[in-house]
Amino acid sequence: VGCDGSPELAAIAADRTGCLVHVLDLLLPSPAPWPDGAFDGIWAHHLFFHLPDPALTLLLPRIHKWLRPGGVFYACDPTGNGLQGMADDGRYLVFRHPQSWKSAVTKAGFVPLADWRRPEGLPRRQQEWLATLWQRL
């Protein structure tokens, strides 16, 4: 099961994967098309660096509710010096300090399992992405 806020991107994802892809604006408190506790795992790759900090306080608790107890949550986004705002191409970008990200996810009730830098195999200064794995207890 997938979800995207853009109907066009959801259609592309559904076509390429053959999976059900819901359209859901994660910044609105509208009900999700699945029940709480529906998932063993949630994967969010390149998502959170497009969301302003206040959105984390809405979305992370929702992700927590959507997982079954013991479920895992993976996220991977670029890190940086805390800079955020609109890019010239119209996208909203956030380059959070790793500590800020980890604090927000912990406050939402998750327990850290692992974190690592990406892309693997490069010198640390070139590993701008942080992958994190969390568990709902």
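Points to keep in mind about this one:
- Once backbone amide H atoms are built at 1.01 Å from N, Ala44 has Tyr74, Ala75, Cys76 as its partners under 5 Å, excluding neighbours fewer than 5 places away on the same chain.
- Estimated at the nearest 10 Å², the accessible area of Ser6 is 30 Å² with a 1.4 Å probe.
- Taking the average, over residues, of other Cβ atoms within 10 Å as the packing measure, peptides 12-20, 57-65 rank 57-65, 12-20 from highest down.
- Shown for the stretch 1-79: the carbon plus sulfur share of the solvent-accessible area, taken with all protein chains present and a 1.4 angstrom probe, equals 63%.
- Computed over the alpha-carbon atoms, the chain gives an Rg to Rh ratio of 0.96, Rh here being the Kirkwood radius from the mean inverse distance.
- Converting phi to 3J(HN,Hα) with the Karplus coefficients 6.51, -1.76 and 1.60 and the offset θ = phi - 60°, the stretch 25-41 yields 7, 5, 8, 9, x, 5, x, 6, x, 9, x, 4, x, 7, 10, 7, x Hz in sequence order, with x at every glycine or proline.
- Charges were assigned to the Cβ only: +1 to each Lys and Arg, -1 to each Asp and Glu. The resulting dipole of the stretch 31-135 about its Cα centre is roughly 240 debye.
The values are calculated or read from the model by the stated rules, or taken from the named source; none is laboratory data. Computed from a prediction, not measured in an experiment: that's the story for all the values here. Using ideal geometry, Cβ is built from the backbone for each residue, glycine included, and neighbour counts are taken over all protein chains shown. Keep in mind that these areas ignore ligands, DNA and RNA; they rest on the heavy atoms of the full protein, side chains included. Shrake-Rupley method; radii C 1.70, N 1.55, O 1.52, S 1.80 Å.
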